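These notes concern the structure reproduced below.
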Amino acid sequence: MAPAEIREAIIEILEDIAPDEDLSTLEDPKAFRDQLELDSMDFLDIVMELRKRYRVQVPEEDYGHLNSMASTVEYLTPKMEDIAV
Amino acid sequence: MYDTIIIGAGMSGLAAGIRLAHYDQKVCILERHYTIGGLNSFYRVGGRDYDVGLHAVTNFTEKGAKKGPLAKILRQLRFKWEEFSLSPQAGSRISFPGMDLKFDNDIELLRSEIASHFPDQVDGFRKLEALIGGYDQLDQESFEQSTREIMGTCITDPLLTDMLLCPLMWYGNAREHDMDWGQFSIMFESIYREGFARPFKGVRLILKNLVKRYRSLGGELKLRKGVKRIHVQDGHAQAVELDDGEIIVGKRVLSSAGRIETLRMCDDVSEVDTRQVGKLTFIESISILDRQPTDLGLDETIVFYNDSDKFHWERPQDDLCDMRTGVICSPNNYEYSDGQQLDDGVVRITSIAEFDRWNQLDESAYQVAKARWYDRAVESAVRFVPDFRSQVIATDMFTPKTIRRFTWHDNGAVYGAPDKKLDGTTHLDNVFLCGTDQGFVGIIGSIMSGISIANQHCLRD
Ligand SMILES: Cc1cc2nc3c(=O)[nH]c(=O)nc-3n(C[C@H](O)[C@H](O)[C@H](O)COP(=O)(O)OP(=O)(O)OC[C@H]3O[C@@H](n4cnc5c(N)ncnc54)[C@H](O)[C@@H]3O)c2cc1C
């Protein structure tokens, strides 16, 4: 998957776990927390959905990388580049 | 081999099951009863549908709300707001001698009631509100602080303190006399800040949604399969043994049966401390009317009453029940969409009861006591709402013995043990507690409990 596709995958996950959020205005460099109503349960869900859908493991010490869309995509790119779309 | 074995198909067990099955675990829920729901199940008698527990679903927030426990559980379980089909209450009241406080799903009403009846307590109430946090701001230590002590620093009129405590204790306090600050905060949020709602079809709608979802995710549910023992080796549960002797093996066990009830199943535990078990239980007296309650002027959703200035939240001292306080609920008095209305008028009255005395009665004395205490409960209640007795066409009643028989909770305790185990751990490294004894009670609370303990202990491996 290319970065643009990883971004799309994250958007799909967010649509599922936070269906009442407007994601069209999401600014990639800004923290999710400042734009969306996400709590620690929701962050766990991002990690769990990545594991369920793409078999990607995010260890707990790396959760900080999932701070914003930009940092999430950057962190996931090497982990997901071999995954076919 | 299951990833997780869940004991109990009540709200908390089903919610935990959905979380785990959604993330591809092999899950099995074992339920001793022949149906789901536990403390909040439903049944049919004399051609009518009854709910066991449901007066009100607490924590009501409108569609689209992103904050609060209801929004959180809908997200976590991937339900749409519409699927719970909640209609808001018409309005409720706290009624003490010569003093009434009305409240509804907008806390402004309660604030203005306090301003007009307790003008010198307005600042104190504001101060109290500022101290209250949510589910996630609570650790074990701050959870267990005394509510009466903290309220004492804000509110100086003991009548207002007792009036505010009355509904919150009724809907979620396992402790006699005082209340854990954490529990108080959660209930304050659930009832005064968010509020009451009900699905037109009652609790069965919520339960059916939960079980349908669980099964569609591949979760297994076995009814009439009670867990008799948990086989333990070296601080680790190996398997569970069912009442019929069948052995089921799993990596971990999540139990909603209660803390002491679960410890008793563990074969490395020879004795449990039954003093830790909850003591507060209820009778529920249900009256079916030949007309809508509003036709009699009974137009509130829930009335919490107490017949003196001092509110006594304790197990009855010398009788089967205590009639000084009670809850009167009419499931008709919700703002159902499209003008729908329940066919029958219904009035449900909850009164505090004492398990041992009910349990000791022989069968004929038990039947006599049920009839007598139904009458007394209604007699007590009509001091606070219009008298509906000549309109009653059918009645049903259940007692602590009924609750115990169908949920296996010690003493038929509705809100479990007074001391909660917020982190859900036990002495075994792969046995966890959810539901009542973990600490979050009520329909929304127990669903939340199942979700958060599943997340904390059963998902990350
Ligand atoms: C009369 C009454 C009125 C209520 N009114 C309201 C209300 O209006 N609003 C509200 O929000 N809440 C209300 N409640 C509270 C609410 O129903 C409970 O807090 C909630 O249902 C608890 O769910 P739980 O999953 O923690 O426990 P439970 O529902 O008790 O679930 C535990 C399950 O485990 C099963 N079990 C026990 N032992 C075993 C075993 N050894 N093997 C297998 N299975 C076992 C039981 O049968 C049960 O199904 C009311 C409760 C009662 C009794």
Starting from 0 in steps of 5 Å, tell me what percent of the Cα-Cα pairs of the range B:1-128 lands in each bin. 2, 8, 12, 13, 15, 14, 12, 9, 7, 5, 2, 1, 0
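Run the accessible area of the protein assembly as shown with a 1.4 Å probe and give the carbon-and-sulfur part as a rounded percent. Don't skip to the answer; put the middle values down first.
Numbers: 10300 of 21880 Å².
In the protein assembly as shown, the share of accessible area belonging to carbon and sulfur is 47 percent.
Taking N as the number of residues in the range B:104-178, what is its alpha-carbon radius of gyration divided by 2.2 N^0.38 Å?
1.13
Near B:E261, within a Cβ-to-Cβ distance under 15 Å, what is the net charge of the other residues, with Lys and Arg +1 and Asp and Glu -1? Working shown, then result.
Numbers: positive: B:R32, B:K228, B:R229, B:R259, B:R264, B:R275, B:K279, B:R404, B:R405, B:K420, B:K421; negative: B:E31, B:D243, B:D267, B:E271, B:D273, B:D410, B:D419, B:D437.
Value of the local net charge: +3.
Can you give me the Rg/Rh ratio for the range B:302-461, using Cα atoms for both radii and the Kirkwood formula for Rh? Present the calculation step by step, with values, prior to reporting the outcome.
Values: Rg = 19.2 Å, Rh = 18.5 Å.
When Rh is taken as the Kirkwood radius, the ratio is 1.04.
What ranking of B:E144, A:E49, A:E60, B:E189 comes out by heavy-atom accessible area, probe 1.4 Å, highest first?
Working: B:E144 85, A:E49 0, A:E60 110, B:E189 45 Å².
So, going from the largest accessible area down, we get A:E60, B:E144, B:E189, A:E49.
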Roughly how many Å² of B:S216 are accessible to a 1.4 Å probe, to the nearest 10? 90
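With every protein chain kept in the model, how would you rank B:R259, B:R264, B:R75 by accessible area, 1.4 Å probe, largest at the top? Each step should come with its number before you reach the end.
Working: B:R259 65, B:R264 100, B:R75 25 Å².
Accessible-area ranking of B:R259, B:R264, B:R75, largest first: B:R264, B:R259, B:R75.
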One can check that the equivalent ellipsoid of chain B, built from the alpha-carbon gyration tensor with semi-axes equal to the square roots of five times its eigenvalues, has lengths in Å, largest first, of 34, 25, 23
Mind giving me the nanometre distance, one decimal, between the label points for B:R111 and B:D243, set 7 Å out from Cα along Cα→Cβ? 5.2
Listed residues B:I352, B:I283, B:H312: farthest to the positive end of the dipole of the range B:271-378 (Cβ charges): B:H312
Residues in the range A:23-46 that, when all protein chains are in place, have 30 Å² or more less accessible area than the chain alone would give (probe 1.4 Å): A:E37, A:D39, A:M41, A:L44, A:D45
Helix B:442-453: inclination vs chain B longest Cα principal axis, degrees, rounded to 10, gives 30
Can you give the accessible area buried between chains A and B, summed over both chains, with a 1.4 Å probe, in Å² to the nearest 100? 1700
All alpha-carbon distances of the range B:136-254, grouped into 5 Å bins from 0, give the whole-percent distribution 2, 8, 12, 12, 11, 10, 14, 14, 9, 5, 3, 0
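For the protein assembly as shown, what is the calculated [θ] at 222 nm in deg cm²/dmol (nearest 500), taking -39500 (n - 2.57) for each run of four or more DSSP H residues and dividing by its residue count?
Numbers: 19 runs with 189 residues, N = 546.
Taking each H run of at least 4 residues, the total per residue is -10000 deg cm²/dmol.
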Calculate the dipole size of the range A:3-80 relative to its Cα centre from +1 charges on Lys and Arg beta carbons and -1 charges on Asp and Glu beta carbons; express the result in debye to the nearest 20. 460
Could you grab the relative contact order for chain A? Cα pairs under 8 Å, six or more apart, rounded to a whole percent. 46
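Give the accessible surface of the protein assembly as shown per residue, rounded to a whole number of Å², with probe radius 1.4 Å and ligands, DNA and RNA excluded. It would help to have the intermediate numbers written out before the result.
On the way: 21880 Å² over 546 residues.
Here the residues of the protein assembly as shown average 40 Å² of exposed surface.
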With the full set of protein chains present, the residues of the range B:36-83 whose 1.4 Å probe accessible area falls by 40 Å² or more relative to the chain alone are B:K66, B:K72, B:R75, B:Q76, B:R78
Cα pair distances exceeding 21 angstrom across the range A:3-80, given as percent: 15
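Please report, in debye to the nearest 20, how large the charge dipole of the range B:190-258 is about its Cα centre when each Lys and Arg carries +1 at its beta carbon and each Asp and Glu carries -1 there. Could the numbers behind the result be given before it?
On the way: 15 positive and 7 negative charges, 117 e Å.
Approximately 560 debye in magnitude.
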Can you give me the distance in nm between label points at B:Q367 and A:I83, each placed 7 Å from the Cα along the Cα-to-Cβ direction? 6.5
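The values are calculated or read from the model by the stated rules, or taken from the named source; none is laboratory data. Keep in mind it's a predicted model, so treat the numbers as computed, not measured. Neighbour counts are summed over all protein chains in view; Cβ atoms, including those assigned to glycine, are modelled from backbone coordinates with ideal geometry. SASA here: full protein model, heavy atoms, side chains in, ligands and nucleic acids out. Shrake-Rupley method; radii C 1.70, N 1.55, O 1.52, S 1.80 Å.
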